[in-house]
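Reviewing the structure listed below.
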Amino acid sequence: MRSIWKGSIAFGLVNVPVKVYTATEDHDIRFHQVHAKDGGRIKYDRVCTVCGQSVQYADIDKAYESPEGDKVVLTDEDFAKLPVAEKHEIPVLQFVPSEQIDPLLFDKSYYLEPDSNTPKAYVLLAKTLDQVDRVALVHFTLRQKTRLAALRVRDGVLVLQTLLWPDEVRSVDFESLDGAGEPRKQEISMAETLVDSMSDDFDPDLYTDEYQIELKRMLDEAIASGSNKVIRPEEPAPQEMDAEVVDLVAALQRSLEATGRRSGTKSESGDKAAEKKPAKKAAKKAAPKAAAKTAKKTTRQSTRKGA
């Protein structure tokens, strides 16, 4: 898992550094909208209704329109001026009995991991909440939105559950219940007997999402069979060399050919030079020998004449 938020729980004068992780995940199979004719993906364009032009996300602001039709446009700078809880602090407001929180108020759940080399304060808070059987009401600011949240313990781990504000829960008044008759004692007794026969401890592993299982099986069978519902991905076309690269390769080839011709010329002249060099060396070696022979002859002739 990857943490989505870092901060600390302000528990009186105790500071508890934590990392926040999303506690749940959606396993529903995702679908894309496509053109029924050819399977092409459908794209959406942000178009301004006034000028008719496409608008980039960076150029979009938020606007409020009153019931009378007055429109107020706010920028990020305007939202930054609003009072919000400290972005990286979870202040504890009070501790309340867990049974007093209507489950209807629970929204999203997050795991909290200690973000300290010495998680003593984390363990202290978790143990305390577990023993007093109460939950801590806190403020939690995530993605520029401050929520009321319940801090409780699950298997030794702190869990943060955001709560809906009271005015976010709709009130109901169904007219169909008006004047409904009360059930008789015999009917209630039989219903209670039926409930008892179906009662057991809750085990979430006993229940599965049959719809998603069958949907996945249908998709796998369609892909394996290669039916007409399957659109195979197109094989990537072989990459063509860029024109500039082709020109460069041709230029290098011509350069190599030109170098080869010059090398041949040098090689031929080099061979001739190589042939001349041994002759010169032989002549140099022969010259001292000839001079020595001449000197010996002259010495002998002079000796004879002297005799």
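Here is how the numbers come out for the structure above:
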read-out: Conditions (1) exposed (fewer than 10 other Cβ atoms within 10 Å of the Cβ); (2) within 28 Å of the chain's Cα centre (by Cα); number of the one not met by Ser3; value: (1)
read-out: Residue match in segment 218-238 (condition: assigned to a loop (DSSP other than H, G, I, E, B), of a type in the set (Lys, Arg) and modelled with pLDDT of 90 or more); value: no
read-out: Candidate set: segment 121-156, residues that are open to solvent by 30 Å² or more (accessible area, probe 1.4 Å) and either touching a helix residue (DSSP H, G or I) at 6+ places or on another chain (Cβ under 8 Å) or acidic (Asp, Glu) (or both); chosen: the one farthest from Pro103 (Cα to Cα); value: Gln144
read-out: Residue check for Asp70: acidic (Asp, Glu), modelled with pLDDT of 90 or more, more than 30 Å from Gln161 (Cβ to Cβ) and within 28 Å of the chain's Cα centre (by Cα); value: no
read-out: Those residues of segment 108-128 which are closer than 21 Å to Thr24 by Cβ and more than 25 Å from the chain's Cα centre (by Cα), in sequence order; value: Ala126
read-out: Residue pairs meeting the criteria (Cβ under 6 Å; at least 6 apart or on separate chains; first touching a residue at least 24 places away in the same chain (Cβ under 8 Å), in segment 179-190; second open to solvent by less than 80 Å² (accessible area, probe 1.4 Å) and in a helix (DSSP H, G or I)); value: none
read-out: Scope segment 132-158; condition more than 15 Å from Val18 (Cα to Cα) and either without any contact (Cβ under 8 Å) to a residue 12 or more places away in the chain or under 30 Å from the mean Cα position of the chain (by Cα) (or both); matching residues; value: Arg143, Gln144, Lys145, Thr146, Arg147, Leu148, Ala149, Ala150, Arg154, Asp155
read-out: Leading residue by the ranking (nearest to Leu93 (Cα to Cα)) among those in segment 2-28 that are of a type in the set (A, V, I, L, M) and in contact (Cβ under 8 Å) with a residue 24 or more places away in the chain; value: Ala10
read-out: From the options Val172, Val159, residue that is among the aliphatic types (A, V, I, L, M) and open to solvent by less than 100 Å² (accessible area, probe 1.4 Å); value: Val159
read-out: Selection from segment 77-95 of residues that are touching a strand residue (DSSP E or B) at 6+ places or on another chain (Cβ under 6 Å) and free of Cβ contacts under 8 Å to residues at least 60 places away in the same chain; value: Leu93, Gln94, Phe95
read-out: Segment 65-114, subset closer than 20 Å to Ala126 by Cβ and polar (S, T, N, Q), residue most open to solvent (accessible area, probe 1.4 Å); value: Gln94
read-out: Among the residues listed as Leu74, Leu129, Leu105, the single one being in contact with a strand residue (DSSP E or B) (Cβ under 8 Å, 6 or more places away or on another chain), touching a residue at least 60 places away in the same chain (Cβ under 8 Å) and not aromatic (Phe, Trp, Tyr); value: Leu105
read-out: Residue in segment 195-211 that is nearest to His35 (Cα to Cα), counting only those that are modelled with pLDDT of 90 or more, open to solvent by less than 100 Å² (accessible area, probe 1.4 Å) and in a helix (DSSP H, G or I); value: Val195
read-out: Complete set of residues in segment 15-63 that are closer than 30 Å to Lys120 by Cα and either loosely packed, with under 10 Cβ neighbours inside 10 Å or at pLDDT below 90 (or both); value: Thr24, Glu25
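This table checks each residue for (1) under 22 Å from the mean Cα position of the chain (by Cα); (2) of a type in the set (Phe, Trp, Tyr); (3) assigned to a strand (DSSP E or B).
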{"residue": "Ala10", "(1), (2), (3)": "no, no, yes"}
{"residue": "Val16", "(1), (2), (3)": "no, no, yes"}
{"residue": "Val20", "(1), (2), (3)": "yes, no, yes"}
{"residue": "Ile29", "(1), (2), (3)": "yes, no, no"}
{"residue": "His32", "(1), (2), (3)": "yes, no, no"}
{"residue": "Ala36", "(1), (2), (3)": "no, no, no"}
{"residue": "Asp45", "(1), (2), (3)": "no, no, no"}
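The values are calculated or read from the model by the stated rules, or taken from the named source; none is laboratory data. Worth saying up front: this structure is predicted, and the values here are computed from it rather than measured. Reconstructed Cβ throughout: ideal geometry from the backbone, glycine too, with neighbour counts over all protein chains shown. Ligands, DNA and RNA are excluded from the accessible area calculation, which covers all protein heavy atoms including side chains. Shrake-Rupley method; radii C 1.70, N 1.55, O 1.52, S 1.80 Å.
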